[in-house]
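We did not get these values from a lab; they are worked out from the coordinates using the rules stated. Bear in mind the structure is a predicted one, so any value in this text is a computation, not a measurement. Neighbour counts run over all protein chains shown; Cβ positions are idealised from the backbone, glycine included.
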Amino acid sequence: MKTLFVSAETDPRETRVAVTPTDAKKLGKLGWAVKVCRGAGVKAGFSDAQYSEAGAEIADSGEAGAADFVVGVRKPSADDVAKLKKGSFHLSLLDPFNEKALIKAFADAGVTAASFEMIPRSTIAQKMDVLSSQSNLAGYCAVLKAATSINKIAPMMMTPAGTISPLKFFIVGVGVAGLQAIATAKRIGARVEAFDTRPVVEEQVKSLGAKFVKIDLGETGQTAQGYAKALTPEQIELQRKGMAKVCAQADVVITTAKLFGRKAPVIITAEMVAGMKPSSVVVDMAVESGGNVEGSKPDETVISPNGVMIIGNTCLEASVPATASQMYGANVYNFIEHFTSDGEFRVNMEDPIMKSCVVARDGKITDERFM
Ligand code: NAD
């Protein structure tokens with residue numbers, strides 16, 4: 001029987017676990033001997049006893065080196081990779097565009113490394129798409145974080161003491177996180193406007209009951225994978241001008257504008273922040289990849305000179321670790337199950353999903369972008 005090892009996350013900010021007890025049980029039924037690093041699920045609310053009850057064995061971190069399959073949420077260290085078994089399979093969020101040395105470490109160790117970020121955005125791969133499952137939660141968390149940080153309530157209220165106007169939210173970037181942010185902001189009673197450079201998004205924004213902000217940027221478009229194309233400096237300038245007034249009137253601005261594998265564009269300048277209302281709140285969800293907002297800092301909350309709060313959480317979904325782990329674990333299980341046939345997990349490099357997410361195999365880096 002092959003062994004699957006569930007790592008404990010070492011980044012102190014991380015609260016999620018890659019496999020929940022429910023998924024551990026399902027993986028057992030699929031034929032794996034599941035070992036879970038001691039305490040791996042504690043921050044997400046899953047005890048070692050729950051994993052044991054699900055049929056998994058509680059193990060020490062060193063046992064990862066003997067496993068056939070190792071799964072985690074965040075990337076391991078190069079030292080840990082060197083201890084993995086030759087021929088084994090590793091799956092986590094490897095951040096390959098920024099971690100070329102780590103991808104080389106996998107190749108040097110003879111380990112097949114699969115990067116969750118590289119799962120294609122296809123219908124068949126949706127069930128294992130961690131970027132989507134986690135961004136969706138992050139969009140939800142961003143709205144609640146803003147709503148509990150601002151000094152006003154979100155919904156309109158008509159009371160004997162007067163009428164309270166609803167909060168005005170402006171969501172910039174309407175991918176998975178942005179759509180959930182719009183839906184959540186609407187649910188708490190806010191008035192919502194949104195903008196994206198991909199024109200196809202307008203209908204989706206309207207169907208959620210929000211207003212699409214129209215800014216003419218000329219030719220924009222999207223890649224075959226559905227990601228936004230980078231704007232020219234002139235287009236970015238046009239976008240900033242078009243957004244400045246909406247930002248100035250907003251109580252909350254949430255930016256989610258990312259460019260896959262590249263630095264995020266700065267679309268809200270310090271001058272635009274200076275034009276915003278005091279006590280308004282900005283959540284920069286692109287802060288980890290460079291930031292959409294001038295002055296935002298990873299994992300810090302900054303107050304601008306005119307009193308705008310700029311929140312830079314890099315992993316908002318970590319604030320709902322039980323749900324985030326439930327979704328991440330389901331993605332892990334679906335990935336393994338998808339590639340299991342006749343009771344065996346098979347690395348089929350002809351398969352478009354496997355080909356896209358495997359970044360190192362048989363001693364070589366398999367994607368030239370990461371060499
Ligand atoms: P993302 O996180 O890469 O980017 C977030 C959003 O920011 C995108 O909508 C993008 O267009 C937008 N953006 C980029 N530059 C901008 C700018 N200057 N101003 C305003 N907005 C800007 O995107 P994502 O959430 O990963 O989704 C990307 C696309 O993939 C979407 O079309 C989504 O529906 C699609 N998708 C498909 C699948 C699937 O079919 N399996 C799964 C997930 C996402």
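I'd like to know which of T3, F116, T232 lies farthest towards the positive end of the charge dipole of the chain, counting +1 on Cβ of Lys and Arg and -1 on Cβ of Asp and Glu.
Checked the options; the winner is T232.
Could you work out how far apart the two model spin labels at K364 and M349 are, taking each label as a point 7 Å from the Cα in the direction of the beta carbon, and quote it in nm?
Inter-label distance under the simple model: 0.6 nm.
Which ³J(HN,Hα) values in Hz, rounded to whole numbers, follow from the phi angles of the range 42-47 under the Karplus curve 6.51 cos²θ - 1.76 cosθ + 1.60, where θ = phi - 60° and Gly and Pro get x?
Using θ = phi - 60°, the values come out as 4, 5, 8, x, 10, 7 Hz.
Relative to the present Cα-Cα distance, how much length would full extension add between R262 and K229 at 0.36 nm per residue of separation?
Length gained between R262 and K229: 10.8 nm.
Compute the relative contact order of the chain as a whole-number percentage, counting only Cα pairs closer than 8 Å that sit 6 or more residues apart in sequence.
Computed value for the chain: 19 percent relative contact order.
Kindly state, to the nearest 0.05, the FRET efficiency for V42 paired with A101, given R0 = 35 Å and r defined as their beta-carbon distance.
0.70
By its C-alpha gyration tensor, with a ≥ b ≥ c as the square roots of the eigenvalues, how is the range 1-137 shaped: rounded for a/c under 1.5, else prolate for a/b larger than b/c, else oblate?
The shape class here is rounded.
Along the charge dipole of the chain, which of L102, S280, T301 sits closest to the positive end, that is, farthest toward it, with unit charges on the beta carbon of Lys, Arg, Asp and Glu (+1, +1, -1, -1)?
Among L102, S280, T301, the one farthest towards the positive end of the dipole of the chain is S280.
Determine the calculated [θ] at 222 nm for the chain from helices alone, applying -39500 (n - 2.57) to every DSSP H run no shorter than 4 residues and normalising by the residue count; nearest 500 deg cm²/dmol.
-9000 deg cm²/dmol
If each of L217 and A244 carries a label point 7 Å out from its Cα toward its Cβ, how far apart are those two points in nm?
Reported label-point gap for L217 and A244 is 1.8 nm.
Going down the table (K26/K86; K100/K241; K25/K86; K297/K355), which pairs top 29 Å between alpha carbons?
K100/K241; K297/K355
Run the simple label-point estimate for E53 and D108 please: 7 Å along Cα→C-beta, distance reported in nm.
Placing both labels 7 Å along Cα→Cβ, they lie 4.4 nm apart.
Given a Förster distance of 35 angstrom, what is the FRET efficiency for S149 paired with K29, based on the Cβ-Cβ distance and rounded to 0.05?
0.20
Mind checking the dipole of the chain: about its Cα centre, +1 per Lys or Arg Cβ, -1 per Asp or Glu Cβ, Debye to the nearest 20?
About 740 debye.
With a/c under 1.5 counting as rounded, go ahead and sort the range 231-305 into rounded, prolate or oblate using the C-alpha gyration tensor (a ≥ b ≥ c being the square roots of the eigenvalues; past the cut-off, prolate if a/b is larger than b/c, else oblate).
oblate
What is the calculated FRET efficiency for Q126 to T159, with r their C-beta to C-beta distance and R₀ = 41 Å, to the nearest 0.05?
With R0 = 41 Å, the Cβ-Cβ based efficiency is 0.40.
What are the membrane-span-like helices in the chain by this rule: whole DSSP H runs, Cα extent along the axis at least 27 Å, mean Kyte-Doolittle hydropathy at least 0.5?
Membrane-span-like by this rule: 130-149.
I'd like to know how the chain sits against the 2.2 N^0.38 Å rule of thumb: what's its Cα Rg over that expected value?
For the chain, the normalised Cα radius of gyration is 1.06.
Once the dipole of the chain is set up with Lys and Arg at +1 and Asp and Glu at -1 on Cβ about the Cα centre, which of S135, S319, A146 lies farthest towards its positive end?
The one lying farthest along the dipole's positive direction is A146.
Show the residues, 5+ positions off or on another chain, whose built amide H is closer than 5 Å to the amide H of V36.
Amide H neighbours of V36: V6, E57, I58, A59.
Once you have a ≥ b ≥ c as the square roots of the Cα gyration tensor eigenvalues for the range 271-329, tell me rounded if a/c is under 1.5, and otherwise prolate or oblate according to whether a/b is larger than b/c.
It is prolate, given that a/c is not under 1.5 and a/b is the larger ratio.
Whole-Hz Karplus ³J(HN,Hα) for the range 268-279, in order, using 6.51 cos²θ - 1.76 cosθ + 1.60 and θ = phi - 60°, x for Gly and Pro?
10, 7, 4, 5, 5, 5, 4, x, 7, 6, x, 6
Whole-Hz ³J(HN,Hα) for each residue in the range 352-360, computed from phi via Karplus 6.51 cos²θ - 1.76 cosθ + 1.60 with θ = phi - 60°, x for glycine and proline: what do you get?
Coupling constants for the range 352-360: x, 6, 4, 4, 6, 9, 6, 10, 8 Hz.
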